[in-house]
Amino acid sequence: MAQLSEDDVGKPVYDDEGREVGSVDEVTDDGFYLRFGEGVEVTWGGGDEQRYPIGSGSVAEVSAERVTLEGDFEG
């Protein structure tokens, strides 16, 4: 589990299969909000139409260029 900071807002977010799914919209104490990218089809619920809460347990890696998720997304 990797920690995010306010410096990560705006970074692209990739799923565990290497697909870009959106960007970091807001960092919270428990994770962050994912802002969906253009053309991303959402098949899971829990957020509004534009963004989805991601729990810190779903963050595999935070690098200087991107955030990578692992497994199922936990809000």
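The values are calculated or read from the model by the stated rules, or taken from the named source; none is laboratory data. Bear in mind the structure is a predicted one, so any value in this text is a computation, not a measurement. Cβ: placed from backbone, ideal geometry, glycine included. Neighbour counts: every protein chain shown.
Out of the residues in segment 58-73 that are under 15 Å from Asp16 (Cβ atoms) and part of a loop (DSSP other than H, G, I, E, B), which is modelled with the lowest pLDDT?
Phe73
May I ask you to verify whether Gly39 is of a type outside the set (Val, Ile, Thr), at pLDDT below 90 and loosely packed, with under 14 Cβ neighbours inside 10 Å?
It is true that Gly39 is of a type outside the set (Val, Ile, Thr), at pLDDT below 90 and loosely packed, with under 14 Cβ neighbours inside 10 Å.
Please work out which residue is nearest to Asp7 (Cα to Cα), limiting yourself to segment 20-36 and to residues that are at pLDDT below 95 and of a type in the set (Gly, Ala, Ser).
Gly31
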